[in-house]
1. Touching an Asp or Glu at 6+ places or on another chain (Cβ under 9 Å) and at pLDDT below 95: does that describe Arg336?
2. Within the range 376-430, restricting attention to residues that are of a type in the set (S, T, N, Q) and closer than 15 Å to Ile350 by Cβ, which residue is modelled with the highest pLDDT?
3. For the range 186-196, enumerate the residues that are open to solvent by 10 Å² or more (accessible area, probe 1.4 Å) and in contact with a strand residue (DSSP E or B) (Cβ under 7 Å, 6 or more places away or on another chain).
4. Tell me, please, whether a residue that is open to solvent by 20 Å² or more (accessible area, probe 1.4 Å), modelled with pLDDT of 95 or more, under 27 Å from Asn413 (Cβ atoms) and not small (Gly, Ala, Ser) can be found in the range 359-368.
5. Cβ-Cβ below 8 Å, separation at least six or inter-chain, first residue in the range 69-91 and among the basic types (Lys, Arg), second in a helix (DSSP H, G or I): which pairs?
6. If a residue has to be open to solvent by less than 80 Å² (accessible area, probe 1.4 Å) and modelled with pLDDT under 95 to count, how many in the range 135-144 make the cut?
7. In this structure, is Thr390 touching a residue at least 12 places away in the same chain (Cβ under 8 Å), open to solvent by 20 Å² or more (accessible area, probe 1.4 Å) and assigned to a loop (DSSP other than H, G, I, E, B)?
8. Identify, from the list Gly82, Gly100, the residue that is of a type outside the set (Ser, Thr, Tyr) and in contact with a helix residue (DSSP H, G or I) (Cβ under 9 Å, 6 or more places away or on another chain).
Amino acid sequence: MKNMRFGLCLGATALVCAWTGISAPASAQGIPTSSIPMFDSINAMGKQMAASGIYPTLGYVEDFSWLTTGGQESKHGGHPIGHATAGVTFDLETIAGIPGASLHVIIEERNGNAIQGSPAEVSLPLQADAGPVKYRLTQFFWEQGFDHDRIDIQVGRTEPTLEFAVSDISCQFVTSIICAQPGTWYFANKNGAYPATEWGGRVNLAITPEIYAKVGAYDDDPGGNGFQSAGFDWNTSKSTGVFAIAELGYLTGFSAVQLPAKYDAGFYYDTSQYTLGDVPKNPTKTDRVAGYIQLQQTVWRPDRSTNQSLTVFGGALIYDNSAAYRGQYYAGLFDRAPFASRPLDTIGLIGTLVDINVSNTRTATSPGAPWSREWIMELNYGIGLAPGVTLKPYVNYVVDPFNQAEPTNKFKNEVIVGGQISIALDQLFGFPVFVPH
């Protein structure tokens, strides 16, 4: 189960920003983006589709990471991985006259072998989009707004990955330190993460234009994890429990204020069974709880007509004693348009501390991890080649790598260098954007 989950968190930055609507206020449908002249005919087709209530998205992300030193020596070298997504949103208000309704579908494909593909690397899935090659349906849900979209409901085949403990900065980093949630999240509960799909939904209440509250409930279905599932088995015979989650937040966007911000806090409750490592014979228990808080504040923005800005962010994810971690803490900086002449460029810096729950790594034959801290850092520079096309070289440094599968093994500090190329064709072609309610 642990190895299955290495590849199950989101790495397609464009998908997070577009699908959650976090990067812009949810105020209007079908806002056209700028178009490159050579794509005018394709742009016109996209506008015609939007006028008919159809909004396609299509993208590809390729990561090439090189483990230069540390970790497991057999894994030294290059590790290319890829992730393709194809999605469509049907605006049912336009198509069928159902006010506030929309249908969302995503199909995705992954390929390649990640650095952490063998049981001996770090505790987080540094390369989240790895294969083996698999095509699957990963989103198929109905969204319905009420009371002028003050109340918004999603229900169907989905998961909480794009909805809770996430922001527009979450997946701006190549490694999955906080993409989409803080990385330890995926090893501390039984809920399937993107691109696994399960029955579930959430309700979002806009208390004010800036303050929101949302709650969700999702099926724990391990049968949908890994790469053996194509996402079309919709029965619940393999369900193990329920994943319930709630969040309260404050959110403003670049179009609304000079210095936008996002503050949120929440918790989840998972009813599935888990093994308690520090008790003789490792008995199973149920009911795991974790809480989180995230802070994101733009502190510099010289011109309100552009998004050139510097944002500071940080957060904490705290577990009860059921997980292999006590918590994860992180902080960083994100610089949009660091040079005025390069408006599409970005710089990202993040560091995280993983607090290992040593007692819960013990078993009948293992004394548990001999240390209790792991540090992971990333520095990247996003080179905006065109709207929706970014080349992002990066360097990653890991201090005291820890792996749940081999908790007593002490690996040398890791240095990973590489780059990511991401292409969001809907942005490149300047297609109109459907903003979720």
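The values are calculated or read from the model by the stated rules, or taken from the named source; none is laboratory data. Everything numeric in this text was worked out from a predicted model, so none of it was measured. A quick note on method: Cβ atoms are made from the backbone with ideal geometry, for glycine too, and the neighbour counts reach across all protein chains shown. Surface accessibility is based on the protein's heavy atoms, side chains included, excluding ligands, DNA and RNA. Shrake-Rupley method; radii C 1.70, N 1.55, O 1.52, S 1.80 Å.
1. Values: touching an Asp or Glu at 6+ places or on another chain (Cβ under 9 Å): yes; at pLDDT below 95: no.
Considered against the rule, which asks whether it is touching an Asp or Glu at 6+ places or on another chain (Cβ under 9 Å) and at pLDDT below 95, Arg336 comes out as no.
2. My answer is Asn380.
3. In the first step, residues of the range 186-196 are kept if they are open to solvent by 10 Å² or more (accessible area, probe 1.4 Å); the result is 187, 190.
Matches in the range 186-196: Lys190 only.
4. no
5. Lys75/Ile115; Lys75/Gly117
6. Of the residues in that region, 4 qualify.
7. When the stated conditions are applied, Thr390 does not pass them.
8. None of the others qualify; the one that does is Gly100.
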